[in-house]
Amino acid sequence: MIVRAWYFLAYACSWLLFAAGAVALTLVCIPWSLFPASHRRARHVRAVIRGLFRIWVAWLEGTGLVRINWDNFAGDALPRPAVYVANHPGLLDATFLLARLPDAVCLVKPAVLRNPLLGLSARMAGYASTEGGVDSIREMAQRLNQGCAVLIFPEGTRTRSGRTLNALKPGFSLVARRGRCHVEIVTLRGEHDLLAHGQGVWPLPHFPNRWRIKRAGQVGTDELDAGMDVRQRLEEVWAQDLSPSVCA
């Protein structure tokens, strides 16, 4: 009972911490947005976002809510520019990865860019909408040319209940080809669902929530140029890594 009360308090405080960070960043971005957009400004906003997500993830781990095993994910060895593609089992996936990836932009749902707490900073950081079509592909390729890492979830939305993986969308390979960069494959696997598809913030999820986040391979530019079926490669890698026979 005491343990559950602790998790309830820590979980509630985690969302207050998240909201406080989002409000503070938005208040800083409002006057900053009056100045002309520049690559330097976007880089600074991304650095602040990364720092805030690091604090958020440190809180989740420090309170025992989440335990993350980073496999082959040493921060100083992560290449960029590169397109990082990951499966999408839960709502917090992006926060975990953006706290770790170097100078990364993310392809996000339109709702994120419209969100009053998240939208302004996301736009100023150079994020793009998943519904932007060719324009979003062009924007993400431009970020690669500027030396950024690009994070894309090819499923487009959280993995639906009862599935290992949703159908994958091909936009990530177009971004990589246009940006002349390789693709880094990332597998996220949670022992328990954390804000999975159809789940809200409440009721209280299962804690501690154990995760393994793994760099599972890459697709080189030569393979992309040769017309390799990258979606099939991702499906094979994730089918193996997410198999019930593989320990989380």
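Structure notes:
- By accessible area, using a 1.4 Å probe on protein heavy atoms only, the range 141-210 has 46% of its surface on carbon and sulfur.
- With contacts taken as Cα pairs under 8 Å at a separation of at least 6 residues, the chain carries a relative contact order of 24 percent.
- For the chain, complete DSSP H runs whose alpha carbons reach 30 Å or more along their own long axis and whose mean Kyte-Doolittle score is -0.5 or higher are 2-32, 39-62.
- Overall shape of the chain was characterised from the C-alpha gyration tensor. The equivalent ellipsoid obtained from it has semi-axes of 27, 25, 15 Å, in decreasing order.
- Stretch gain in nm, segment L17-A37, where the contour uses 0.36 nm per residue and the Cα spacing is subtracted: 4.4 nm
- Surface accessible to a 1.4 Å probe, per residue, for the residues of the chain, Å²: 49 Å²
- E191 paired with L117, simple spin-label distance in nm, labels 7 Å along Cα-to-beta-carbon: 2.9 nm
- Cα lying deepest toward the dipole's positive end in the range 133-209, options G156, M140, N166, charges on Cβ: M140
- Relative compactness, the range 123-248, computed as alpha-carbon Rg over 2.2 N^0.38 Å: 1.16
- Among beta bridges that DSSP assigns inside the chain, antiparallel share in %, nearest 5: 30 percent
- With the simple model of a label 7 Å out from the Cα in the direction of the Cβ, E236 to S161 spans 3.4 nm.
The values are calculated or read from the model by the stated rules, or taken from the named source; none is laboratory data. Quantities reported herein were computed from a predicted structural model and do not represent experimental measurements. So basically every Cβ, Gly included, is an ideal-geometry build from the backbone, and we count neighbours across all protein chains shown. Just so you know, the surface numbers come from the protein's heavy atoms only, side chains and all, with ligands and any DNA or RNA stripped out. Shrake-Rupley method; radii C 1.70, N 1.55, O 1.52, S 1.80 Å.
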